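To start, the structure under review is shown below, and the notes come after it.
The values are calculated or read from the model by the stated rules, or taken from the named source; none is laboratory data. These numbers come from a predicted model, not from an experiment. No Cβ is skipped: glycine too gets one built from the backbone with ideal geometry, and neighbour counts run over all protein chains shown. The protein model used for the area step is the full one, side chains on, heavy atoms only, and it has no ligands, DNA or RNA in it. Shrake-Rupley method; radii C 1.70, N 1.55, O 1.52, S 1.80 Å.
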Amino acid sequence: MTEEHLTPDELTDRCWAVVTAAAENRPDDIDELLVTLPWDDLVSVVFSVAQLGVGMLTRGADPRDEDARARVADRLRVLLLERAAGRTAGS
């Protein structure tokens, strides 16, 4: 991990690089893009990529709309609970 923080433009570029690597199924490259980041920058990148996912999951609604975001959060909570229940049932 490096102590030098990225500029806002560098953080944005890093976010898009992570998304691109994910789209191309390159997990090793994602590791390389994230492993050297200071904690604050890592959190910024993860939060930004997660925000992109939330925006995609709003299904055409304004991703800034709190009701649309709440519906996404509800769907994701259900998914997480179902996945956890499946792991518990399989034990």
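Within the range 41-82, the residues that satisfy the criterion of being out of contact with any Gly (no Cβ under 6 Å at 6 or more places or on another chain), open to solvent by less than 100 Å² (accessible area, probe 1.4 Å) and in a loop (DSSP other than H, G, I, E, B) are Thr58, Gly60, Ala61, Asp62, Asp65.
Do the conditions hold for Arg26, that is, is it among the basic types (Lys, Arg) and either in contact (Cβ under 8 Å) with a residue 24 or more places away in the chain or under 30 Å from Glu4 (Cβ atoms) (or both)? Taking the combined requirement at face value, the residue satisfies it.
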